[in-house]
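All of the numbers you see were taken from the coordinates with simple rules; none came from a lab. Treat the numbers as computed from the prediction; the structure is a model and nothing was measured. Heads up, the Cβs are rebuilt from the backbone with ideal geometry, glycines too, and the neighbour counts pull from every protein chain shown.
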């Protein structure tokens, strides 16, 4: 049996509250169809996407991730700045950036080392962020340019910080109403 898994850090409640308010402002400014806003309670800072993983690996995976967590000390990550992936005329993802002096990058490296036995393909550069929304192909070029203008005006928005003391192994079940996430295991830092 396989489960769709990822490893992530969950932001604190104050961060998610500020993001929810910011999303409300963004929705009022960008009222057209084709933007799928991520519900704040589902937001996470992905350390590694594992994809469909054989459940027979869960015990070994848990042990390796526990070791990785112990090798890394707790730290603080600040969420700020709004930007996008894609071109100005074809935006794919709207996201919120992070700042932490490279700590999340270091934790990502420890996690990818811990999952090496799964022989995953890690060909994308790591870019720590919270996904705010996904933009579909039905959004026109002028609408994409409007999104760009709104985001550029908001690019320096400051959100709260999160004390990172743990990360989670999360099961993602895709449904017609969107993804449902279930934490399978938490791993303490330090």
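Which order do 1, 26, 146 fall in if you start with the one that has the fewest other Cβ atoms within 10 Å?
The most exposed by this proxy come first: 1, 146, 26.
Measure out, as a whole number of angstrom, how far apart the alpha-carbon centroids of the stretch 85-151 and the stretch 1-73 sit.
12 Å
What percent does the relative contact order of the chain come to when contacts are Cα pairs within less than 8 Å and at least six residues apart?
Relative CO of the chain lands at 35 percent.
For the chain, take the longest principal axis of its alpha carbons; what is the angle in degrees between that and the long axis of helix 141-153, to the nearest 10 within 0 to 90?
The helix 141-153 is inclined about 70 degrees to the chain.
One quarter of the convex hull surface, Cα atoms only: what value does that give for the stretch 2-188 in nm²?
That works out to 10.6 nm².
Using alpha carbons only, how many degrees (0 to 90, rounded to 10) separate the axis of helix 13-29 from the longest principal axis of the chain?
Between the helix axis and the principal axis of the chain, the angle is about 30 degrees.
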